[in-house]
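Input: one structure, supplied below.
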Amino acid sequence: AICSFVICNDSSLRSQPIIFNPDFFVEKLRHEKPEVFTELVVSNITRLIDLPGTELAQLMGEEDPKLPGTNNTASGFFRSLMTLKRKEKGVVFGSPLTEEGIAQVSQLIEYLHKNLRAEGLFRVPGNSIRQQILKDALNSGTDIDLDSGDFHSNDVATLLKMFLGELPEPLLTHKHFHAHLKIADLTLFDEKGNKTSTPDKERQIEALQLLFLILPAPNRSLLKLLLDLLYQTAKKQDKNKMSAHNLALMFAPHILWPRNVTANDLQENITKLNNGVTFMIKHSQKLFKAPAYIRECARLHYLGSRAHASKDDLDLLTSPGSKELQPLKSQKRSRLDSCHQEETQQRTEEALKELFRHVHSMPDSAKKKKLLRQFSKHSAALTPGSEVLMSPAPQRTRSRSFSGLIKRKVLGTPVILERRSRDATPEPERVSKENIHLLQKCGSPAHMSQAKLKSLEGRKEESCRRMRGHLLPKDSSSL
């Protein structure tokens, strides 16, 4: 499992590091709110595989699973009777799977990890007398020294298969049987949208990850130990002659097949089931990690934030005064959001700089001129570096005519003179001041007499002639 270390600032815990499990919130949601967790996982399972209403109800545990070879009522009675007899034999073999039983069987798995080179492992049977001695010891709950040399690796391997075979139901449970059949049918599509015979491995892995999440905790724990053992065994097939497919043929009846069914009952699906177990063995190192979106949904369920989970977030969850620290948490989120916005703005500016450099290095052409004009129009979006390279577009000075001043005076709009126009054309500014002074003397246009209006018109024409004479060059007479 991939874990990240988080440094704790608490003085009481500073001596030991805290290991943060990436599936922390997934496990927390599973134990605290199992109904919410199951609904989240099953909704994503139905997104990947098509489960009719009956099969979906069986997966959710709302209906009893309908399995091959179980239509006869008598067979069901004898099967339950055999289960009761197996329970009377001991606390480990034949009993429902528990954490205590897993602790006993894990001794067998640990021993086999050290002896994976034995040829025909899990295929060659061991000695029946030694197996019975070992079985009685496990049922009594005593620790066994398997390294003493009294037992052979084939004895231990055969006993492990026997333990799985005597479980009341397969390790993957009866409820999941139809879902595993549908996973085997997940294949890739061609360009026309038709199914091909090539398996869609990514979707199969994702579907198995989701199904394993809703297994009972003891089943999931033992399945992980078992698949890891078979994966390591297959890696040494050059010594033990046991490939992943050969191992699947040995363990499929104990892992996936419904109890008390024969090969004839599964004639149509036996190949799918065996291939499914082979796939589990080959990809076992990926199947016990929750998908990223399940982790995110579980984290958001508790934190309600898209910020990365950190030790501060865990402190808020575990501290008694977490309600009082909510303002600090919101401040932290706002800081993260502002940092994200600044980072986005910086990336945008860098991209604009790079774009302007690219346009500036282009050969002279109509396209380049057009792009430069667009940069000029949107100069506000340019970065400071690009503004140095590009000269700003010239701005037109606003003309102020005598008639416009009269209109603004009539409408009551205050007249504001610009210093820039005064410095550029001093003579028109002087004329404008005289006109304003004249307007102030005349007062409101409603009280102007006819003679005063004619006088104003005459002065207007005179000022226009003076302006034209001021703007024309000295040698304009030659023109």
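Got a number for the accessible area of HIS152? Probe 1.4 Å, square angstrom, nearest 10.
In the full protein context, HIS152 sits at about 90 Å².
Going by amide H atoms built from the backbone, whose H comes under 5 Å of the H on THR187, apart from near neighbours?
Placed amide hydrogens put ASP200 under 5 Å from THR187.
Separate question: With every protein chain left in place, what is the accessible area of ARG47 in Å² (1.4 Å probe, nearest 10)?
Rounded to the nearest 10, the figure is 130 Å².
A further question follows. Local charge sum around ALA234 (other residues, Cβ-Cβ under 12 Å, Lys/Arg +1, Asp/Glu -1)? Walk me through the numbers before you get to the answer.
Details: positive: LYS235, LYS236, LYS239, LYS241, LYS282; negative: ASP228, ASP238.
Result for the neighbourhood of ALA234: +3.
Could you state how much accessible area HIS283 has, in square angstrom rounded to the nearest 10, with a 1.4 Å probe and all protein chains kept in place?
Its heavy atoms expose roughly 40 Å² to the probe.
Roughly how many percent of the accessible protein surface of region 95-136 is carbon and sulfur, given a 1.4 Å probe and a whole-percent answer?
Details: 1170 of 2230 Å².
Carbon and sulfur atoms account for 53 percent of the accessible area of region 95-136.
Karplus couplings for region 283-294 from phi (6.51 cos²θ - 1.76 cosθ + 1.60, θ = phi - 60°), rounded to Hz, Gly and Pro as x?
Computed from phi, the couplings for region 283-294 are 10, 4, 6, 10, 7, 10, 10, 5, x, 4, 6, 5 Hz.
Can you work out ³J(HN,Hα) from phi for every residue in region 238-255, in order, using Karplus 6.51 cos²θ - 1.76 cosθ + 1.60 and θ = phi - 60°, giving whole Hz and x for Gly and Pro?
5, 9, 8, 6, 10, 7, 5, 5, 5, 5, 5, 5, 6, 10, 4, x, 8, 8
Beyond a 27 Å Cα-Cα separation, which of these cross-linked pairs lie in this structure: LYS33/LYS272; LYS114/LYS224; LYS161/LYS239? Walk me through the intermediate numbers first.
Values: LYS33/LYS272 34 Å; LYS114/LYS224 18 Å; LYS161/LYS239 21 Å.
Result: LYS33/LYS272 exceed 27 Å.
Tell me, what HN-Hα J-couplings in whole Hz come from the Karplus equation 6.51 cos²θ - 1.76 cosθ + 1.60 at θ = phi - 60° for each residue of region 48-64, using x for Gly and Pro?
Once θ is set to phi - 60°, the couplings for region 48-64 become 8, 10, 8, 10, x, x, 5, 5, 5, 5, 5, 5, 7, x, 7, 9, 6 Hz.
Right, another one. Any idea of the accessible area per residue across region 167-302, 1.4 Å probe, to the nearest Å²?
Values: 6010 Å² over 136 residues.
For region 167-302, the per-residue accessible area is 44 Å².
The values are calculated or read from the model by the stated rules, or taken from the named source; none is laboratory data. Everything quoted here is computed from the prediction, not taken from an experiment. For neighbour counting, all protein chains shown are included, and Cβ atoms are generated from backbone atoms with ideal geometry for every residue, glycine included. Side chains included, ligands, DNA and RNA excluded: accessible areas come from the protein's heavy atoms. Shrake-Rupley method; radii C 1.70, N 1.55, O 1.52, S 1.80 Å.
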